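Working notes, beginning with the structure itself.
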């Protein structure tokens, strides 16, 4: 059973395992540096559907089914699914899961959602409420642009601090038994808002939240960055990552030797014109479920702090002059 | 530690307790039959704020703080908050919780959100991940109309099957120790979609999901409706409630003697012109946190099955011709 550590962290004594993972991505992600790690790369962003939202639902559903198949499990083995996405009222998720008949917890942490769903799946398995839970999330570039920014057809210009929403879904199965990376700690995040106002600079919004979660973990456990092989944030991008390193340094911790940001790994920003990097719920999800978990299975990474990052704004809150709160949820995985 | 029961249900062996509850409602709810049970009735729906969304955030934040105060706890005693609301990207919740600095799990189950947040809070406390968790949700009539239906200024006509979104927030504190109704079972819901298309008839959408959750509980546990003093759904309204009773009867269970719907309790639909009844995340939340938990403390109700109900649509999904999936999360409370 789990133990409370410090003010915020949970230690998993039973250490639930990630026994399966699947990542499906869009064509642009399939042209990026992580291409060889994904299970499936789509040829087009609609995948035979007639809307971007339906395509996103299909991607999420297929990632879920693929993760189950890769584990040689049946759908009925999955007791609960934890999932959410960026689309208002979680329609990406709810329509994806509609045909599956698995009890479902809808979660929302903006682009930190993979952290939240993974924490809740781990808590559920650790406590014995389920033998297998599935944690997943998705995003779709076109659906996100339509909802949060401008119609794609405008061809609007983007500032250098803006990011490119990843089209894709990552799904992982958390299990009481079996083999795979163990989930050893969770650090549910607080909402942090330093007053940033620019929805085209999400890195600046989310970096303070990521710093808060990472520093809380070190303070709660007495650990140091050097106790980990890798610290991976979700989608801070080029500018947010620098800010994170500075903020964490002020608290006395040095991230410079073993830190990456999923948003900077998934695209080659220069050749792919993705500016500050990748973003969206799918960004950290496919980088985890594709790239990082493969590296863990190959023992190239043995101790990971995974910190997906989210910006809790909506078009309404921005239009009403609100600043943008950030949140980051942390999970430690160990071989 | 919890036990898995049947395919869907969790039995809480440690039985987390609801040690505090608070409900704040708008003026219309304060004119309804449950007025005397609410902690605070607002004089106007803006409560000094300059937008409906900001007013909703204030209501949620104040309900949270009131529940903490009523328990003679401090904010720092609350380890995690589980909350969500109807507004896109959960801005009602995230802006409400922004100043509080408590680690936060954003959840979304449409109007079933109070069930989901309560289940997750109970799971977290049961497993020892926290001593105190807070479960809450909110809704606001004006914000919901603006987002999902028509601008209020249109004064659009409403069909008899439509419901009236409750303005209010209910918050409960779930604790390992202390006195109060015990949480004994949770039944996380599945997404159920029988193809209903009419966003002005949510009762028809959600009744099959409520039936699924209720019948699953009976099948998983071998219990009968007569084992409970009260079964309370969230916001099926006048027509959805009738449909629920029929659907559950087909499965061999009779709800006619001890069933209510929060949406039918909170307003006097004839004198208050609320048509099929109340709805929104706040509907079941304030009816639980105001009315039902008072009745449990007075021992008028000793065994409750609480089943908030949600419709997982968005304006985008409806515009794209999708039917409307429903979900219902069940929680059993016992003295």
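Structure notes:
- Residue B:333 meets the stated requirement of being more than 14 Å from chain A (Cβ to nearest Cβ), in contact with a strand residue (DSSP E or B) (Cβ under 7 Å, 6 or more places away or on another chain), assigned to a strand (DSSP E or B) and at pLDDT 95 or above.
- Some residue of segment A:102-112 being over 15 Å from the mean Cα position of the chain (by Cα), within 11 Å of chain B (Cβ to nearest Cβ) and in a loop (DSSP other than H, G, I, E, B): yes
- With respect to the conditions (1) closer than 18 Å to residue A:161 by Cα; (2) in contact with a strand residue (DSSP E or B) (Cβ under 9 Å, 6 or more places away or on another chain), residue A:304 falls short on a single one, namely (1).
- Among the conditions (1) assigned to a helix (DSSP H, G or I); (2) facing chain A (nearest Cβ under 9 Å); (3) out of contact with any helix residue (DSSP H, G or I) (no Cβ under 6 Å at 6 or more places or on another chain), residue B:30 misses just one, which is (2).
- Test: residue in segment B:247-258 that is touching a strand residue (DSSP E or B) at 6+ places or on another chain (Cβ under 6 Å), within 21 Å of residue B:163 (Cα to Cα), surrounded by 15 or more Cβ atoms within 10 Å (Cβ to Cβ) and not assigned by TED's automatic domain parsing to the domain that holds residue B:112: no
- Search result, residues across segment B:33-48 that are in a helix (DSSP H, G or I) and closer than 13 Å to residue B:22 by Cβ: B:37
- Against the criterion of being under 14 Å from residue B:118 (Cβ atoms), part of a helix (DSSP H, G or I) and touching a helix residue (DSSP H, G or I) at 6+ places or on another chain (Cβ under 6 Å), residue B:285 qualifies.
- The listed residue being surrounded by 24 or more Cβ atoms within 10 Å (Cβ to Cβ) and at positive phi, out of B:122, B:96, B:110: B:110
- Some residue of segment A:154-164 being touching a strand residue (DSSP E or B) at 6+ places or on another chain (Cβ under 8 Å) and away from every other protein chain (no Cβ under 13 Å): yes
- Top-ranked residue in segment A:44-57 [being under 15 Å from residue A:86 (Cα atoms) and more than 10 Å from every other protein chain (Cβ to nearest Cβ); ranked as farthest from the chain's Cα centre (by Cα)]: A:55
- Some residue of segment A:145-152 being in contact with a strand residue (DSSP E or B) (Cβ under 8 Å, 6 or more places away or on another chain) and in the same structural domain as residue A:56 (by TED's automatic domain parsing): yes
- Subset of segment B:118-127 [in a helix (DSSP H, G or I), farther than 19 Å from residue B:231 by Cβ and at the interface with chain A (Cβ under 10 Å from one of its Cβ atoms)]: B:120, B:123, B:124, B:126
- Residue in segment A:178-199 that is surrounded by the most Cβ atoms within 10 Å (Cβ to Cβ), counting only those that are in a loop (DSSP other than H, G, I, E, B), more than 14 Å from chain B (Cβ to nearest Cβ) and in contact with a strand residue (DSSP E or B) (Cβ under 8 Å, 6 or more places away or on another chain): A:181
- Residues that are in contact (Cβ under 8 Å) with a residue 24 or more places away in the chain and facing chain B (nearest Cβ under 7 Å) within segment A:88-101 comprise A:88, A:91, A:95, A:97, A:101, listed in sequence order.
The values are calculated or read from the model by the stated rules, or taken from the named source; none is laboratory data. Quick caveat, the model's predicted, so the values are computed rather than measured. No Cβ is skipped: glycine too gets one built from the backbone with ideal geometry, and neighbour counts run over all protein chains shown.
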